[in-house]
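Bear in mind that the values in this text are calculations on the coordinates, not laboratory data. Model, not experiment: these values are computed from the prediction. With ideal geometry, Cβ positions are generated from the backbone for all residues, glycine too; neighbour counts draw on all protein chains shown.
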Amino acid sequence: SGCDMTHPDITYQGPGFNAITSANSGANTNNSRGASHGTACAGVAAATVNNNRGVAGVAGGCSIIAVNRSGSSDVNTALAINWAATNGANVISMSFGRYNIGEGRGPIGWNFNIIDPSIQNAVNTQGCVVIAASGNENINTLNRYPSRHPLVIAVGASDQNDNRENPGSPDGEGWGANWGLQNYNGIQTGISVVAPGV
């Protein structure tokens, strides 16, 4: 959804990018319920440490390159990944994903073959670490794409008791992290790591 580029606890590297409009701005342009999602994810990753402000990010000495791809197509998503990979990103974090038509889950609507080359470029050519959320549908048969791609580190969520986040978790949020094991283009993939998701 892009980021709050004026957030006092996040250091940004440049103005970022909007994969929908091609503007040089990673600013949030989404006024929906998920509008603050990009800023929250940026804070978990790299909110400045030891500044007596807000929270401390896992990598609190790092800066964020904000890329807005809110509501984007497969073409926009590929553009966003390529732009980040060629404009200084060392890690590309994707807290989004889709299912294939016919898998019985939503959201759908991407041709994964359009996005695959951008992931290959980011990892194999540009040397980026690429991570993505497994999905929030509480299923053990599938993970959302791009987390199912073999070059992507698939991240699941744990709860306060250090168990997989599920509808019975003590937070009461009612969702569950996917933990699927599947084949993607002939390669078996699954969850790579689980981290606190509440």
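Lys and Arg at +1, Asp and Glu at -1: add these up for the other residues within a Cβ distance under 13 Å of I115 and post the number. That works out to +2.
Within 10 Å of each candidate Cβ there may be at most 13 other Cβ atoms; applying that plus a DSSP loop requirement, which trypsin sites (Lys or Arg not before Pro) in the range 1-110 survive?
The qualifying sites are R33, R53.
Label zone of Q160 (point 7 Å out along Cα→Cβ, amide N under 20 Å): in the range 48-67 this covers 55-56. What residues from the range 142-159 fall in the zone where the backbone N is under 12 Å from a label point 7 Å along the Cα-to-C-beta line of E103? Counting only backbone N, you get 142-150.
For log10 I(q)/I(0) by the Debye sum over Cα atoms at q = 0.08, 0.15 Å⁻¹, computed directly from the structure shown, the correct entry in (1) -0.31, -0.99; (2) -0.24, -0.85; (3) -0.26, -0.95 is (3). Backbone geometry of the range 100-109 corresponds, through the Karplus equation with coefficients 6.51, -1.76 and 1.60 at θ = phi - 60°, to 3J(HN,Hα) couplings of 7, 4, x, 8, x, 9, x, x, 10, x Hz, x marking Gly and Pro.
The amide H of V194, built 1.01 Å from its N in the peptide plane, has G156 as neighbours under 5 Å, considering only residues 5 or more places off or on other chains. How big is D for the range 82-189, in µm² s⁻¹ as a whole number, if Stokes-Einstein is applied with the Kirkwood radius of its Cα pairs at 4 °C and 1.567 mPa s? Result for D is 89 µm²/s.
When a/c reaches 1.5 or more, the comparison of a/b and b/c decides; with that in mind, is the range 1-93 rounded, prolate or oblate per its Cα gyration tensor? In terms of gyration-tensor shape, prolate. Restricting the range 1-104 to chymotrypsin sites (Phe, Trp or Tyr not before Pro) that sit in a DSSP loop and have at most 16 other Cβ atoms within 10 Å of their own Cβ leaves nothing.
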